[in-house]
Amino acid sequence: TDPRALIAIDLGAESCRVSLLRWIDSKPTLTLVHRFPNSPRETPQGLRWDLAHIKKGLHQGLTEAAALAPEGIRSIAVDGWAVDYVRLNESSVATADPYCYRDERTLASEAALHKIISADRMREITGIGILRINTLYQQSADTPDNQQRPWLNLPEYILHTLGARPVAEYTNATHTQMIDLATRTWSSEILTAASLPITTFPELVPPGTQLGRLTGPLAALPAYKDTILIAPATHDTASAIAGIPAHGDDWAYISSGTWSLVGTLLETPSNHPEAAADNFTNLGAAGGLTCFHKNVNGMWLIRQSIDFWCENGQTWTVQDLVAAAEKLPAPTDLLDVDDPDLLLPGHMPQRINKQLTTRSLPKIDENDAPAIANLIFHSLAARYAQVLIHIALHSGKTFRRLFLVGGGSQNLFLNRLTEAATGLQVHRGSQESSTLGNFAIQLASLETPEGTPITPAQISHWAQVLEHAPHTAPKN
Ligand code: LRH
């Protein structure tokens, strides 16, 4: 078999990573080569991602990875957070920094679009959760000029800048709210309602599709001779779930990062009226499966609070907050963590108090970091339990196990609260599950003839191979 290494790029709303999978004595070893912080910025043109910063970090990671793998790099795949996209100019280059999905421009475009096509009808067509962050509402808010330009979701754009042909990978495409669940293609009814021209839409491809060879300056490095570019599940959550090494049908997942995605994998989507009324989502999963889950607010609440305390002279790490919070008694009243106001950036402790006041509950001292963190952790665990009960009802499954993956799964206090609230057996998976799933899908793709879809069995085989792979730090 081919002894060359593989690279996974995982773009996160809080940090981006470049990781390497090498075969040492024919056994896989993983190295997190480069990790760099990421965050949206308030600009006069709205809340935007800094594309140059992301590309610079990736270039550094890819350069370092090449130096660590004298055997060469066989393939690279990119996943990232869903729904954000770039518009392309005539040279296939991004015309501007992409908007962050939290930008408030979609408040108006969502309301306007629902007057033309109802949320219920869109739900019927797409089977996905109606969320104002979805690409459809963002594209509806674009200027008419921009609406005429081709576009790519962010991970696919990064692949394209490396030499891949421009595509929309299916798992990520489902989160745009523009895919017809029945035909698995772009929905002409939704595109027509939103006046978005199909000519600007990329070709749809399944996860595991090989998209050409690496080109450009990096391709001049000997390690990158003949490196293939692959679309994994470009939606980071779909990759994270592909990275869970589980058998059987008795398990649910929480992919815990900026968001907590709480759900289960289904063979076929579940789009009956009760699931629709609960706004559960049916997103594409790797291997033709469906991620049936709900977006619950996640570590965003903690990160945003930490930023506020930092601006006010208090330095907190998540670890310190966890240690301080777990000494406190359980709060009497819980927060509604999915209050839309809590999805917005800035002043998180004040936003929390605004909610408590509206609900006639006692306020909490905005500078009492442990008390606020304690309230957040207890409220998240209770919300997870509530959502999981509904997931079981809508899917008809009986859960025994709960897999926690992603950065948030490192929070053992929250894990304990979640175990107590759900009564499920909690299994802590990888904090880099998106990267593991990204690699698992690449490995499945590389062993499969072109044009043949990769299967769930292949993906879970590779996820299990990678589960026990040692993690090494880069040598230099
Ligand atoms: C997690 C995630 C999630 C989406 C959100 C936009 O990173 O991709 O699955 O709902 O970001």
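Quick one: grab the alpha carbon gyration tensor of the chain, order the square roots of its eigenvalues as a ≥ b ≥ c, and give me rounded if a/c is under 1.5, else prolate or oblate depending on whether a/b is larger than b/c.
On the way: a/c = 1.39, a/b = 1.20, b/c = 1.16.
Rounded.
First check a/c for the range 276-344, with a ≥ b ≥ c the square roots of the eigenvalues of its C-alpha gyration tensor; if it is under 1.5, answer rounded, and if not, answer prolate when a/b is larger than b/c or oblate otherwise.
prolate
Among Lys294/Lys363; Lys363/Lys397; Lys327/Lys354; Lys327/Lys363, which pairs are too far apart, with a Cα-Cα distance over 32 Å? List each step's numbers first, then the result.
On the way: Lys294/Lys363 28 Å; Lys363/Lys397 39 Å; Lys327/Lys354 26 Å; Lys327/Lys363 20 Å.
Over 32 Å Cα-Cα: Lys363/Lys397.
Where a ≥ b ≥ c are the square roots of the eigenvalues of the C-alpha gyration tensor, would you call the range 166-265 rounded, which needs a/c under 1.5, or, failing that, prolate if a/b is larger than b/c, or oblate? Spell out each step's value before the answer.
Values: a/c = 2.34, a/b = 1.10, b/c = 2.14.
Oblate.
Taking Lys115 as the anchor, which aspartates and glutamates have their alpha carbon closer than 13 Å to its alpha carbon, excluding any fewer than eight residues away along the same chain?
The qualifying aspartates and glutamates are none; the list is empty.
For Val205, Val83, what's the fewest-to-most ordering of other Cβ within 10 Å of each Cβ? All intermediate terms of the calculation are to be shown ahead of the outcome.
Numbers: Val205 18, Val83 22.
Fewest to most other Cβ atoms nearby, the residues stand as Val205, Val83.
Compare the peptides 259-267, 332-340, 97-105 by average per-residue count of other Cβ atoms within 10 angstrom and give them in order, highest first.
Sorting 259-267, 332-340, 97-105 by mean packing, highest first, produces 259-267, 97-105, 332-340.
If you find the alpha carbon centre of the range 179-237 and of the range 398-448, how far apart are they in angstrom?
First find each Cα centre; the distance between them is then 26 Å.
Which order do Ser91, Ser19, Ser109 fall in if you start with the one that has the fewest other Cβ atoms within 10 Å? Intermediate results must be reported in sequence, preceding the final value.
Working: Ser91 5, Ser19 24, Ser109 18.
Ordered from fewest to most neighbouring Cβ atoms within 10 Å, Ser91, Ser19, Ser109 come out as Ser91, Ser109, Ser19.
Give the Kirkwood hydrodynamic radius (Å, one decimal) of the range 1-107, defined as one over the mean of 1/r across all pairs of different Cα atoms.
On the way: mean 1/r = 0.0648 Å⁻¹.
For the range 1-107, inverting the mean 1/r across all distinct Cα pairs yields 15.4 Å.
Straight distance only, please: which lysines reach the Cα of Lys27 with their own Cα at less than 30 Å, same-chain residues fewer than 8 apart left out?
Within reach: Lys225, Lys475.
So what's the back-of-envelope 222 nm ellipticity for the chain, counting only DSSP H runs of four-plus at -39500 (n - 2.57) apiece and dividing by all residues, rounded to 500? Write down the numbers at each step before the final one.
Numbers: 17 runs with 175 residues, N = 476.
So the helix-based figure for the chain works out to -11000 deg cm²/dmol.
What order do you get for 358-364, 383-389, 346-352, 279-285 when each peptide is scored by the mean count of other beta carbon atoms within 10 Å, highest first? Mind dumping the intermediate values first?
Values: 358-364: 11.7, 383-389: 20.3, 346-352: 18.3, 279-285: 24.4.
Top to bottom by mean Cβ count within 10 Å: 279-285, 383-389, 346-352, 358-364.
Ranked from highest to lowest mean number of other Cβ atoms within 10 Å per residue, what is the order of the peptides 170-179, 110-119, 242-251?
Numbers: 170-179: 27.7, 110-119: 14.7, 242-251: 19.1.
Ranking the peptides 170-179, 110-119, 242-251 by packing returns 170-179, 242-251, 110-119.
What's the exposure ranking of Lys294, Lys56, going from fewest to most Cβ atoms within 10 Å?
With the sparsest Cβ surroundings first, the list reads Lys56, Lys294.
Bear in mind these aren't lab numbers, they're just calculated from the coordinates by the rules spelled out. Since the model is a prediction, treat every value here as computed from it, not as a measurement. Here Cβ is always computed from backbone atoms with ideal geometry, including for glycine, and neighbour counts include all displayed protein chains.
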